[in-house]
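Written below as structure tokens is the structure these notes are about.
The values are calculated or read from the model by the stated rules, or taken from the named source; none is laboratory data. This one's a predicted model, so the numbers in the text were calculated from it and none came from an experiment. Note: ideal-geometry Cβ built from the backbone for every residue, glycine included; neighbour counts use all protein chains shown. Please note that ligands, DNA and RNA were not included when accessible areas were found on the heavy atoms of the full protein model with its side chains. Shrake-Rupley method; radii C 1.70, N 1.55, O 1.52, S 1.80 Å.
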2 protein chains.
Amino acid sequence: MDMEKVNSMGFSEFVDVFGNVIEKCPLVAAAVWSQRPFSGSEDLEKHFFDFIDALPRSGQEGILRCHPDLAGRDLQQGTLTAESLREQSQAGLTSLDADDRLRLQKLNAQYRERFGFPFVLAARLSDRAEVPQELARRLRCQPESELRTALGEVKKICHLRMADLLGADAARVEPLRG
Amino acid sequence: MDMEKVNSMGFSEFVDVFGNVIEKCPLVAAAVWSQRPFSGSEDLEKHFFDFIDALPRSGQEGILRCHPDLAGRDLQQGTLTAESLREQSQAGLTSLDADDRLRLQKLNAQYRERFGFPFVLAARLSDRAEVPQELARRLRCQPESELRTALGEVKKICHLRMADLLGADAARVEPLRG
């Protein structure tokens, strides 16, 4: 999909296509449509990131709270979004054995209790062995820096989902990990 | 549901319950949870309204763009939210004849073209005769005042949905219409 096509979209089509690049927050895509035309995929992405960065802290926490736990309730109940199911599946999180699932659920619960939002991670850049290690590590971080880290993961997820839609080179995300 | 119960909710339960009082914008409820405890239903509602009022203009337009057309595509395709289907049904918009539906679709298209967001109306406070009249009237308004009017309708919808959830007296919305 090229940028000419994106810039020609009415808001309904734009929200249909980009409404879940920020998990369960079509409001962000619906707001970003106001900023068209976009000069390219980086410009488009920058408007999503700018919108998130300009939100008050409660709004930024709100974006995180719209994300599901990894290997959590929504996966068990079949209520994950298509994008999240694919990402968790690619990371091997949909086929954990009972012990690993329980371990992750306990860590998720501790994280939610400590920070007031769920543990958010770009699962496609991780795997089933790394996820609980990273969760345990971030559980020890300070709330201020953890909010920034978690929003950084939201942006990585957004970047990868947008690359899927635009056909851009998803490998470009790797430097963002460092 | 009393406020003690609301204040005891974790964010997942809170978003499950209040996530659609602003149509398709669970982000707002997820942000408002940061402001607990709430002293009562008016205080809770005020936090939703304050969040909307504090958004940049693109975000306010974004909230409007998350709303479906009345008697539009989502109704035809069966993709309305449960709340919107009930409201449109109560206003008689789910049983329009073909001529009335076509008339409304044309007006909706003109409105979207003129303002860059869909026509939003608290359908439960209207009926199938009033809706096209009000749409035709608002189509002639200035963009600045129409944005304010439309956000006022979002707040009426929010108030009525919240009253359904909290069991408050929904009749209290009437003075807001004037």
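Summed over region B:109-127, the residues that are part of a helix (DSSP H, G or I) and either within 12 Å of another protein chain (Cβ to nearest Cβ) or not hydroxyl-bearing (Ser, Thr, Tyr) (or both) give a count of 9.
Restricting attention to region B:19-33, does a residue exist that is at pLDDT 95 or above, more than 20 Å from A:Ile22 (Cα to Cα) and open to solvent by 30 Å² or more (accessible area, probe 1.4 Å)? Within region B:19-33, not a single residue is at pLDDT 95 or above, more than 20 Å from A:Ile22 (Cα to Cα) and open to solvent by 30 Å² or more (accessible area, probe 1.4 Å).
Does region A:3-11 contain any residue that is in a loop (DSSP other than H, G, I, E, B), over 14 Å from A:Lys156 (Cα atoms) and more than 10 Å from chain B (Cβ to nearest Cβ)? Yes, some residue in region A:3-11 is in a loop (DSSP other than H, G, I, E, B), over 14 Å from A:Lys156 (Cα atoms) and more than 10 Å from chain B (Cβ to nearest Cβ).
Could you check, for region A:18-39, whether at least one of its residues is part of a helix (DSSP H, G or I), away from chain B (no Cβ under 14 Å) and closer than 23 Å to A:Ala54 by Cα? Don't jump to the end; show me each part of the working.
Filtering region A:18-39 for residues part of a helix (DSSP H, G or I) gives A:18, A:26-35.
Still in the list and also away from chain B (no Cβ under 14 Å): none.
Within region A:18-39 (the criterion being part of a helix (DSSP H, G or I), away from chain B (no Cβ under 14 Å) and closer than 23 Å to A:Ala54 by Cα), the answer is no, since none of the residues qualifies.
Of all residues in region B:40-54, how many are under 16 Å from B:Glu153 (Cβ atoms) and either more than 12 Å from chain A (Cβ to nearest Cβ) or aliphatic (A, V, I, L, M) (or both)?
Taking region B:40-54 as the starting set, the residues that turn out to be under 16 Å from B:Glu153 (Cβ atoms) are B:45, B:48-49, B:52-53.
Those left that are additionally either more than 12 Å from chain A (Cβ to nearest Cβ) or aliphatic (A, V, I, L, M) (or both): B:45, B:49, B:52.
Number satisfying all stated conditions: 3.
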